[in-house]
Each structure stands twice: as structure tokens, then as C-alpha cells.
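Sharing a structure with you now.
The values are calculated or read from the model by the stated rules, or taken from the named source; none is laboratory data. Owing to the predicted nature of the structure, the values given are computational and were not obtained by experimental measurement. Heads up, the Cβs are rebuilt from the backbone with ideal geometry, glycines too, and the neighbour counts pull from every protein chain shown. When the accessible area is computed, the model is the full protein with side chains, heavy atoms only, and any ligands, DNA or RNA have been set aside. Shrake-Rupley method; radii C 1.70, N 1.55, O 1.52, S 1.80 Å.
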Amino acid sequence: MNFKDLPEDEAFRSMVHAKLRAALPQDLRERWRLMTTYTPPAVEQRRWIKILSELGWSVPWWPVEYGGTDWTWRQKFIFEEEIHRLNGPEFLWQGSHLVAPIIYTFGTEEQKARFLPVTRTGELMWCQGFSEPNAGSDLVSMRTTARHEGDHYIVSGQKIWTSGAFESDWGFFLVKTDLSVKPQEGVSFLLIDLTSPGVTVRQIPELDGEAHLCEVFLDNVEVPAENLVGEEGKGWSYAKFLLDHERTTSAFIFRIRRELERTKSIGRTHRREDAPVGTLPQFAARLARLEAEVIALEWSVFRVMGEDKSGFPAHQAASILKIRGAELQQTLVELQVDMIGERAIRYYKAGSKDHEVSAEWPEYVPGRSGVMMITRAATIYGGTNEIQKNILARTAFGL
Ligand SMILES: Cc1cc2nc3c(=O)[nH]c(=O)nc-3n(C[C@H](O)[C@H](O)[C@H](O)COP(=O)(O)OP(=O)(O)OC[C@H]3O[C@@H](n4cnc5c(N)ncnc54)[C@H](O)[C@@H]3O)c2cc1C
């Protein structure tokens, strides 16, 4: 995307590239170059966030007073782009992108002082406890309750699909504190230490052989009342604030750009019918179309970021970017698997580092089919495509 750089951006890009290149450990780069797993293990995240925090760059999106940077939106874009170009691990967004803005916007001074510094350095990892077995798309019908008793809440219920809960320290949870009012008005936002008595985390086996998703059982968990964020009963509006705040993250544009480059590389390297597979008409056309779609999405993200808050209604922009981003993630990995052909079927345990690489089994084969299977989830998490389309129908077309 250098064609979008302003002259002053070029110097910034070179500076950021040089510093990141020097700071990023070779083993992390190599692992993310091969990307045989979809989600960075927390141990690698913690290591990488710590390195970035020593550069002062682990949370450039935050306000400067809490450890962010005064970079322009273009510079923040360039920063993330360069991390992905260098094959740095992706940011797990639960801490830095989701709960932190809630804390620094609605939290108490004590909460800010307690949670922001350790989130910034990666010492404290977060998970998001919103969905429940019968409350996913219809989130407001959640049944986990928090009863206010003196200086604490007693929390009981079950969350599901809680990404990374097994390797997180704390979770931010939506709970019902009042069942007598309209459902949206009875929701509160609680921070819960996952080592508290009564919390049980159970991993869920996934198609790709990993078990990143979890069930979280809360059995009469005593949570200090000081862990309530903002006002009791306002949790629903804080949850909606997350969406408004992070309109472009769910496009996963940097991951998509990296997957496009990987697809092109497989197209150049892998051979079929005595030719690079990417030159065969059935693949060349799909690749060209996908590249055009990725560029279009990049420009859309760029426009939404550059528009600041005023230009695009928040929900519409977030929904469009989420739909396109999720679909592109899926179609890119599907094309990779189709190009590789039957070799892509071989089972590799996700995340395993010691794959045997040979001319017959090149390094781009391991992980492709596992990543393709888990990428089915892209059109589910963060709000399914159907739900995003419902939002668009309502907010953009008044249907
Ligand atoms: C990989 C992954 C990671 C996740 N991580 C987290 C996490 O960290 N924290 C968390 O809280 N949750 C997480 N989730 C849960 C996710 O938010 C929910 O799965 C999602 O909101 C859908 O809810 P559901 O699974 O209950 O499906 P349902 O809501 O039961 O939907 C089932 C189907 O019905 C459709 N549908 C439902 N309602 C409508 C409607 N009104 N109109 C049209 N179609 C409809 C849906 O689109 C879907 O196809 C994760 C999910 C996945 C797959």
C-alpha cells in the first residue's frame, strides 16, 4: 500500500520497519510466516507484547496518557501493516482493543491504574465472556446473573465460545443484574479474575485439532463490587460502544493481505500440469478477482479510518467491513487448498512446529487445511453474516 503513503509517511514507515525488524525474534517471524495455526498462543502474545511495550508501541491506539502514541491514523495503519509484512504475531484484540477502551472511557481511576498498565505490557491477558449456550446472536437473552450483596456480586451462569479463556488471567463479562426491567437495561459489565473460586474453564476441541474456544462456568463466584465497570445496568451500552469504537478491526485487513501474498506465492511455487498453478486459467482468474477484492477492502478500511467518526454511520461501516473481511478470509484459504490439491488433505496438528519439509511436502502445505476449517468461524464470531446483514437492512435501508 505504499502508493497511499504521503512523503512524511515514507520516513515513518522506514523507521517503524527497521525497529520492528530488529525487535521481532526470528522464531516468532518464522512461525507466523508458516502460520500453521490460526490464533497466536498466549505465551507468544505475552512475549511479543512485552517486546513492543519496551518500544512504547504495544498499544498505539490508546490515548497517550495511558501509554498510547500520538501517531496519526495513517501511521497506525502503517505500523500494523509493517508488523504483518514482517510476519509478526497478530494482536489478540480482547485486551488492547476491546476491554481497555471500555476501562479508560467508563472505568474508575482505580480500575485504570490497576488494569491498563498490565494490559499494555501483556502481563494480563483477557477473554470476552458475552455469548451463552442460548444467547449468541440474541445476546440480550443471556441468563448469567450477578446478585449485588454488600460489597460484592454473586455471579452464576455459563458462558460459551470464550476464545482463549484457558490461557487468560481475567475476563470481561456481561451479566444480568436486574431481571425486572427491559432486558437491555438489566445488563452490567463485570471484570472477573478467572482464578476466583467457582470459575471453571473447559476447552472445546475444534476441527483443526486446537482447543482455543472454551466454556466458562460461573458457580456462585464472589466478585468485588469494585470490578463493576461504569454504572450498574448500563452494560449493554458499553457492549455497543465496543462496536462503534472498533469499526475497522473486524475487517482483518492485515491478515487478509498476508493471506493474499501467501496465495500468490503458492500460485508461483506450486506446480501442476508442468506449470506454476497460479498461471492455470481456473486459478489465475480466481486469484485476480480476489486480489481486486482485497484492494477494494483495503481502500474501504482506509476510507473509514480517514473519515474519523463523522463520515460513515458506525454500525453500517463495521457491518460491511466485517462481512467482506470474513468472506475474503474464507475464499483466500479455500483457493490455497484448491491450488495445493490432494496434498492439502494431510492432517497436521495445528501449531505443531516440527513438520517434515521436502520437495514432495513443501513448507506451505502444513496448516492450510486446518486453517481453512477454522476460518469457517470467520462468518460466525463477532456477529454472524446474517446478523450483520440484518443490521445493514435496518440501519442503511430502513427495512
Ligand atoms: C471462533 C469463535 C470465537 C468466538 N469467540 C467468542 C468470544 O471470545 N466471546 C464471546 O462472547 N463469544 C465468542 N464467540 C461466539 C459468537 O459470538 C457466537 O457464536 C455468534 O454470535 C453466533 O451465536 P450462536 O453461536 O449462538 O448462533 P445462533 O445465534 O444460534 O445462530 C445460529 C444461526 O442462526 C442465524 N440467525 C440467528 N438469529 C438470526 C436472525 N435474527 N436473523 C437471521 N439469522 C439469524 C445465525 O446467523 C446462525 O447462522 C465465538 C464464536 C466462534 C465461532
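Out of (1) open to solvent by less than 40 Å² (accessible area, probe 1.4 Å); (2) under 20 Å from THR39 (Cβ atoms); (3) β-branched (Val, Ile, Thr), what's the single condition that is false for ILE323?
(2)
Something else: Which number in (1) modelled with pLDDT of 85 or more; (2) under 29 Å from ILE266 (Cβ atoms) marks the one condition that VAL59 misses?
Only one criterion in (1) modelled with pLDDT of 85 or more; (2) under 29 Å from ILE266 (Cβ atoms) is unmet by VAL59, namely (2).
Among the residues of segment 362-374, are any surrounded by fewer than 18 Cβ atoms within 10 Å (Cβ to Cβ) and not in a loop (DSSP other than H, G, I, E, B)?
Taking segment 362-374 and keeping what is surrounded by fewer than 18 Cβ atoms within 10 Å (Cβ to Cβ), we get 362-363, 373.
Still in the list and also not in a loop (DSSP other than H, G, I, E, B): 373.
Among the residues of segment 362-374, at least one is surrounded by fewer than 18 Cβ atoms within 10 Å (Cβ to Cβ) and not in a loop (DSSP other than H, G, I, E, B), which makes the answer yes.
A follow-up question, please. Considering only residues of segment 136-173 that are within 12 Å of the ligand (Cβ to nearest atom) and on the phi > 0 side of the Ramachandran plot, which is surrounded by the most Cβ atoms within 10 Å (Cβ to Cβ)?
GLY164
Quickly run through segment 68-113 and pick out the residues that are assigned to a loop (DSSP other than H, G, I, E, B) and closer than 24 Å to TRP299 by Cα. Let's see the steps before the verdict.
If we filter segment 68-113 for residues that are assigned to a loop (DSSP other than H, G, I, E, B), which is where we start, we get 68-72, 86-92, 107-108.
Matches in segment 68-113: THR69, ASP70, TRP71, THR72, LEU86, ASN87, GLY88, PRO89, GLU90, PHE91, LEU92.
Moving on to the next point. Answer yes if at least one residue in segment 110-130 is on the phi > 0 side of the Ramachandran plot, within 23 Å of the chain's Cα centre (by Cα) and either surrounded by fewer than 18 Cβ atoms within 10 Å (Cβ to Cβ) or of a type in the set (A, V, I, L, M, F, W, C) (or both), and no otherwise.
For segment 110-130, residues on the phi > 0 side of the Ramachandran plot, within 23 Å of the chain's Cα centre (by Cα) and either surrounded by fewer than 18 Cβ atoms within 10 Å (Cβ to Cβ) or of a type in the set (A, V, I, L, M, F, W, C) (or both): absent.
Please determine, by comparing only the residues of segment 346-361 that are in contact with a helix residue (DSSP H, G or I) (Cβ under 9 Å, 6 or more places away or on another chain) and more than 22 Å from HIS212 (Cα to Cα), which one is most open to solvent (accessible area, probe 1.4 Å).
Restricting to residues being in contact with a helix residue (DSSP H, G or I) (Cβ under 9 Å, 6 or more places away or on another chain) and more than 22 Å from HIS212 (Cα to Cα), the top hit is GLU360.
On to the next question. Among the residues of segment 346-353, are any touching a His at 6+ places or on another chain (Cβ under 8 Å), more than 16 Å from the ligand (Cβ to nearest atom), touching a residue at least 40 places away in the same chain (Cβ under 8 Å) and not in a helix (DSSP H, G or I)?
The answer is yes, given that some residue of segment 346-353 is touching a His at 6+ places or on another chain (Cβ under 8 Å), more than 16 Å from the ligand (Cβ to nearest atom), touching a residue at least 40 places away in the same chain (Cβ under 8 Å) and not in a helix (DSSP H, G or I).
Then there is this: Can you pull out the residues in segment 177-206 that are in contact with a Cys (Cβ under 8 Å, 6 or more places away or on another chain) and either of a type in the set (S, T, N, Q) or modelled with pLDDT under 95 (or both)? Please lay out each step first, then the result.
First, pick out the residues of segment 177-206 that are in contact with a Cys (Cβ under 8 Å, 6 or more places away or on another chain): 194, 201-204.
The answer is GLN203, and nothing else.
Looking at (1) under 25 Å from the mean Cα position of the chain (by Cα); (2) touching a residue at least 40 places away in the same chain (Cβ under 8 Å); (3) open to solvent by less than 70 Å² (accessible area, probe 1.4 Å), which one does LYS389 not meet, given that it meets all the others?
Of (1) under 25 Å from the mean Cα position of the chain (by Cα); (2) touching a residue at least 40 places away in the same chain (Cβ under 8 Å); (3) open to solvent by less than 70 Å² (accessible area, probe 1.4 Å), only one is false for LYS389: (3).
Return yes or no: is SER188 in a loop (DSSP other than H, G, I, E, B) and surrounded by 14 or more Cβ atoms within 10 Å (Cβ to Cβ)? Walk me through it before giving the result.
Values: in a loop (DSSP other than H, G, I, E, B): no; surrounded by 14 or more Cβ atoms within 10 Å (Cβ to Cβ): yes.
So SER188 fails the test.
Considering segment 2-49 alone, what residues qualify as being of a type in the set (S, T, N, Q) and under 20 Å from LEU92 (Cβ atoms)?
THR36, THR37, THR39, GLN45
Can you tell me which residue in segment 99-118 is nearest to the ligand (Cβ to nearest atom), limited to those that are free of Cβ contacts under 8 Å to residues at least 60 places away in the same chain and of a type outside the set (A, V, I, L, M)?
My answer is TYR104.
Let me ask something additional. Are any residues in segment 259-310 open to solvent by less than 40 Å² (accessible area, probe 1.4 Å) and either in a loop (DSSP other than H, G, I, E, B) or more than 30 Å from GLN75 (Cβ to Cβ) (or both), and if so, which ones?
Scanning segment 259-310 gives ILE266, GLY267, HIS270, ALA275, PRO276, VAL277, GLY278, LEU280, PHE283, ALA284, LEU287.
Now for a different question. Could you count how many residues in segment 12-56 are open to solvent by less than 70 Å² (accessible area, probe 1.4 Å), among the small types (Gly, Ala, Ser) and either part of a helix (DSSP H, G or I) or touching a strand residue (DSSP E or B) at 6+ places or on another chain (Cβ under 7 Å) (or both)?
Final tally of qualifying residues: 4.
Kindly list, by first and then second residue, each pair from a residue in segment 119-135 that is within 14 Å of ASP169 (Cβ to Cβ) and assigned to a loop (DSSP other than H, G, I, E, B) to a residue that is of a type in the set (D, E, K, R) and more than 10 Å from the ligand (Cβ to nearest atom), limited to pairs with Cβ atoms under 6 Å and residues at least 6 apart or on different chains.
Once the first residue is within 14 Å of ASP169 (Cβ to Cβ) and assigned to a loop (DSSP other than H, G, I, E, B) and sits in segment 119-135, its partners that are of a type in the set (D, E, K, R) and more than 10 Å from the ligand (Cβ to nearest atom) give THR121/LYS50; GLY122/ARG46; GLY122/LYS50; LEU124/ASP169; MET125/ASP169.
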